Structures are given as C-alpha cells and as structure tokens.
1. Which residues, taken from the stretch B:39-77, are within 26 Å of A:Gly154 (Cα to Cα) and within 12 Å of DNA strand D (Cβ to nearest atom)?
2. Within the stretch A:97-105, identify whether any single residue is of a type in the set (Phe, Trp, Tyr) and either more than 8 Å from chain B (Cβ to nearest Cβ) or buried (at least 22 other Cβ atoms within 10 Å of the Cβ) (or both), and answer yes or no.
3. Just to verify a result, which residue in the stretch A:128-180, among those that are in contact with a helix residue (DSSP H, G or I) (Cβ under 6 Å, 6 or more places away or on another chain) and among the basic types (Lys, Arg), is farthest from A:Ile241 (Cα to Cα)?
4. Only one residue in B:Ala167, B:Ala188 is of a type outside the set (Asp, Glu) and under 25 Å from the mean Cα position of the chain (by Cα), so which one is that?
5. Does the stretch B:240-251 include one or more residues that are within 17 Å of B:Leu177 (Cβ to Cβ) and touching a helix residue (DSSP H, G or I) at 6+ places or on another chain (Cβ under 8 Å)?
6. Out of the stretch B:86-96, which residues are without any contact (Cβ under 8 Å) to a residue 24 or more places away in the chain and either within 7 Å of chain A (Cβ to nearest Cβ) or surrounded by fewer than 18 Cβ atoms within 10 Å (Cβ to Cβ) (or both)?
7. Please work out which one of (1) buried (at least 17 other Cβ atoms within 10 Å of the Cβ); (2) farther than 17 Å from B:Leu269 by Cβ is the condition B:Ile147 fails and give its number.
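The values are calculated or read from the model by the stated rules, or taken from the named source; none is laboratory data. Just so it is clear, the structure is predicted and the values come from calculations on it, not from any experiment. All Cβ positions, even for glycine, are placed from backbone atoms using ideal geometry, and neighbour counts span all protein chains on display.
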There are 2 protein chains.
Amino acid sequence: MESVEKPDIAPRRARGRPRDWADKTAQNTIKSLDRAMAVFEYLSEVQGQPLSQLATDLQQSPATVYRILVTLEGRGLVEFDSEEQLWYIGPRAFVIGAGFLRRTSLVDRARPILRKLMERTGETANLGVEKEGMVLFLNQVETHESIRAFFPPGTLSDMHASGIGKALLAHMDQERLKRWVRGRSLQAFTSYTLVQPEALGAELEQTRARGFAIDAEEKNLGMRCIAAPVFDMNREAVAGISVSGPTSRMAPEATKRISGEVMRAAEELSTAIGGGQVR
Amino acid sequence: MESVEKPDIAPRRARGRPRDWADKTAQNTIKSLDRAMAVFEYLSEVQGQPLSQLATDLQQSPATVYRILVTLEGRGLVEFDSEEQLWYIGPRAFVIGAGFLRRTSLVDRARPILRKLMERTGETANLGVEKEGMVLFLNQVETHESIRAFFPPGTLSDMHASGIGKALLAHMDQERLKRWVRGRSLQAFTSYTLVQPEALGAELEQTRARGFAIDAEEKNLGMRCIAAPVFDMNREAVAGISVSGPTSRMAPEATKRISGEVMRAAEELSTAIGGGQVR
DNA sequence: GTTAAATTTTTCATATTGTGAAATACAGTT
DNA sequence: AACTGTATTTCACAATATGAAAAATTTAAC
C-alpha cells in the first residue's frame, strides 16, 4: 500500500547524552572496577612484581589485589610467571589495546610508507602522535642493523626531547604552545636536552623554517633522530614520522639525504590521509 | 660484634603459590570485574558501537554497561565520541597493552609451544624467521626417534626450499616478493626443488590458500616438512613453525593430522606474541 | 631433617556497592 | 508541539567485594 519512500537515512547522531557532557561522571563510576584498573595500570608500569609488592605499593589488601589479578589472568590481560612468582601484562591486553590503532586508518596508511622509509634510509622508522602533551609512538619498522634504536609502540615520551615531539610542537598554534610550555617543566635527559623555554622556542622556529626536526642526543646519548610532521585535512600537524639511529650512522653529513626522505614520507602520508602540506 | 655479612641476596623465588597452580581459580575471581572486562574485550572487537548495541550484544542491562564504560573512560581505557555517540578503545589501553611487548621474546614464547607440538606429532619441531632473504632457524625441539631431522639453531637456509621459507614467502606482499625473486636464482638441492619462479609462484598461491606449506624433499631427499606462518601485531608473517621428519613417517596420509597440529601451534604463538590471524 | 620465615591463597562475617527496572532527560523526527 | 528512541539517573535491594586473619605452601636457615 503505502509506497512512501522511507528516507532510511541513518540518523547523524543518536539521542541522549548531551553534546557537551563532560563534568559530572563522578557518581556513575564503579568503584571496584576503578580500583581494579588502577592495579592493571600500575602493573603495566612496574612489571615483574610479586603480589605482595603490588599490594604494598597500591595500599590495598593483598587479598583484593590477588583476586583482581586472578580475574584478569583469566582473560589473559595479565600473566603470572609461576617460576618466579611474578606478575606481568598479558598478550590479551596488547591485542585489546591495539584496537585503539584500528580507529583511525593512520597506522594502516603509514605502514607501507614507514617500510619504504626504513629501506631507503636503512634506519628504524617511527610513527607518533601527540597524546596528552606527550608523544605516543604508534608503530615502527625496524632496521636490520644490529645496533638500532628501539622504543616499542605504545611508548610515551616527552615532546621537548623527541624529534616527532618537536616537529609537532613547531606546528602547534601559539596559544596551545604557550599553554603546553606553562604546563610542564622541561626535564633534562642528557646534557643536550633543551631545558630553557627560550632555547626550545628558537629551535622550534628553526624547525618550522627548515621543515624537519632534529633530535641530537637530547633524549638518549648516542642517538639521533630526524622527524617531519604529518598534516591532516585541516592542515593541522596530527602526527610525525621519524627515523632514528646511532650518531655514527646519522652524522650531520647524512642529515640532508635522510631529512629529504623523511619529509617525503611525511608528505606522502599527509596525502594518504587527505591532508596536505602548508604552502 | 656481629660482623656477619648479611648475604642480602634476593630470594630466587617467593613462597606461596604452588608451582603448578593452574586448576582451581574459579572461586577467586571477581564477578563484576570479569563482566566489565568482557565489555572491554568485546568493545575492542566491535568498535564504534552505541551503548544500546553493546548492551544488547552482551545481554547486560544498559545501565551496567554504561557505568562500566564511564569508569573505563575515566582512565582513558575507553573513549566516547560525543558527536556520534559511539564508544571506542582509548589510547591508554594501547599504552598499557604495549607493556606486554617490553618483555616478549619470540623464542621464549615459542619454546613450550614447540615442545607440545613435538609431543603431539612425534617429530622435530622448528622455529624460524626470515633474515636477509634466508630462513634463520632460531630454535627446535627434537623428537625422540632415532631417525630425525636436524638443523641446529643458527642455521641459514634458502627460503624457496624450506617449509618455513615458503610459509613466509606466501604471506609476503607482492612488492617485496617480486624484489626477493629478482634478487636471486633458485638453486636446486634435489630433483624436487622448485627452480622455476612460475612453479614457485603457483606453489605459494596454494600455500596461502590452504594455510600451511609443504616441503617435500625439496632440500634433502627423504625429508618432508610441514610449516605454518606466525603473525605479529601488524598481521605480518614474521616467523614460521614447522615439523620435519623422514618421508616414512610424514606420508601424505599423515599430512592432514600433522598440518592441523602445526597450524594450531602457529596460531597459538601468534596469539602469544600479540598478533593474530587475518580475519 | 626440622623448624622458622615469607609469601600466597582461602575462609568468613560484614557492609559496601554493584545491579536492573523503571523514571527521566535529551535530541532528533514527524 | 508531540513523539520516539536513545542515553542517563534514581532507587531499593540483594549480591558480592572486601579485609582480617587463618591456612597452605614453599624456601631458607639451623
């Protein structure tokens, strides 16, 4: 009968939770779950602890921590080494966490580009984004060289002492940059780390001008890193690509060649995600 | 007085949980936590779902699921896209899960799996990776039989005449495969060795389709080998597990049984290193 | 070998708190 | 403006998470 064309367009947005919802939340959390997650989170930082240590550190009763761990163990989120009686993060936690990467196609798009970059430069290639004022490494393709840079995906690193971090900071708008600087003290990791805001500011200026960032042993002695920003459709720097290796192979003479490759890779990825370099 | 030097050596092993502990566990889990983790786990599989969908799928009350999600959100384990009202895995989950990688060694993880594989098939089980266009054998668990296959850890072998090699080649992307083929001539070791690139290509096609590779006396006369690929977090084939033995015991009739065991072992190892089969 | 010490599990009584049903708030749709 | 299908909150109650302390288990010391 009614041949009325159902529009059948999925609603843009569901109905219910207020758009700006952000404040309350406090009463609606589950306390025991939150405590359990605190254990989970803490374990990821200090792996290889015995139960008693964890309980002490977290100021919880051993019985409770024990039950939390056993429960998580049942799902593979946590592992128990029965030889040493120590607790670790389990493989399932990694698989679940990796679900985060699937949200954006950034990693998928980046992977072949990173591989090519690694092959052309011979050094480990990395992809990172900013997350809560830190650099979060999402993925990497390792070099075959036996001496190599290594920070596994999932590592959080300070922005001011990281190639990708500086590449991202250099393209942050002044407002946010100021807030970022105010929010923290610039910790020194080596004698080369830029700890003066002014020095960092000047460096970022340079970085922006030349199009790539250099981390010259500012985080780890003996390690250099060259990074370039990746732009999204709004011309915002949302990620960074870098190449890192020992100073011996990343000498200043090699900078020009390598930086060219890095910038090319970053541009390629920008294009691949629908973004583009600022003209 | 007592100048007795306190040994001060940390105890090798704590005391308490029985060494073989494995069975009970059932009563000591926290139900609500386990339910919450079920939500967490499910979300990682089907990201971008609205609350109502998750609640339906998991057969839980929306209120409960809601509270679980809000709690996890508080720790960044989960994220809510308020534009679309959809839930996702959060960055913190990735960071925590990545803790797993900090202590995972392929060989360590493989060892118990290889042993079980050997026991179930009765033949020598091997683990290998690709190294500069060759297969590098990392580890093996030998059979008790007196006639046995033997290649010690550290052995390098041509990929085209090796079960593991072919399993790896079969899952290499076309680009890399082409380059690999161009880079070498396919040496003949026996009259069965595949020396024609076309023949090898067809074989790899088959290998991919059935999920395991067969080396039928292609390297050593009288020796057969069945291998399956191990995938890492990027769904790339990074290693292979194989079982090898004399043709007498590895007859075609036995192929089905053995290949099943090999594939199971490979999948188990994939899971154990945080990877997984392509869906 | 025996005992002591250290650590992990289990038990148990209790109150905390997680739970679902149903009411309410909200954003689109008609 | 009323309606509809979501997401939140309320509420009353039972489920169950909890810590203290006991038991179990292993290692180290004697």
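1. Filtering the stretch B:39-77 for residues within 26 Å of A:Gly154 (Cα to Cα) gives B:39-49, B:68-77.
If the condition is that a residue be within 26 Å of A:Gly154 (Cα to Cα) and within 12 Å of DNA strand D (Cβ to nearest atom), then B:Gly48, B:Gln49, B:Ile68, B:Leu69, B:Val70, B:Thr71, B:Glu73 are the ones that fit.
2. If we filter the stretch A:97-105 for residues that are of a type in the set (Phe, Trp, Tyr), which is where we start, we get A:100.
Pick out the ones that are also either more than 8 Å from chain B (Cβ to nearest Cβ) or buried (at least 22 other Cβ atoms within 10 Å of the Cβ) (or both) and you get A:100.
For the stretch A:97-105, residues of a type in the set (Phe, Trp, Tyr) and either more than 8 Å from chain B (Cβ to nearest Cβ) or buried (at least 22 other Cβ atoms within 10 Å of the Cβ) (or both): present.
3. Ranking the candidates gives A:Lys131 first.
4. The conditions single out B:Ala167.
5. From the stretch B:240-251, those within 17 Å of B:Leu177 (Cβ to Cβ) are B:240; that's our starting set.
The next check asks that each one be touching a helix residue (DSSP H, G or I) at 6+ places or on another chain (Cβ under 8 Å); those that pass are B:240.
Among the residues of the stretch B:240-251, at least one is within 17 Å of B:Leu177 (Cβ to Cβ) and touching a helix residue (DSSP H, G or I) at 6+ places or on another chain (Cβ under 8 Å), which makes the answer yes.
6. The first filter runs over the stretch B:86-96 and keeps only residues without any contact (Cβ under 8 Å) to a residue 24 or more places away in the chain, leaving B:90-92, B:94-96.
Correct list: B:Gly90, B:Pro91, B:Phe94, B:Val95, B:Ile96.
7. (1)
Yes/no matrix, rows are residues, columns are (1) more than 26 Å from A:Leu106 (Cα to Cα); (2) without any contact (Cβ under 8 Å) to a residue 12 or more places away in the chain:
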{"site": "A:Gln187", "(1), (2)": "yes, no"}
{"site": "A:Tyr192", "(1), (2)": "yes, no"}
{"site": "A:Glu217", "(1), (2)": "yes, no"}
{"site": "A:Ile226", "(1), (2)": "no, no"}
{"site": "A:Arg235", "(1), (2)": "no, no"}
{"site": "A:Val238", "(1), (2)": "no, no"}
{"site": "A:Lys256", "(1), (2)": "yes, yes"}
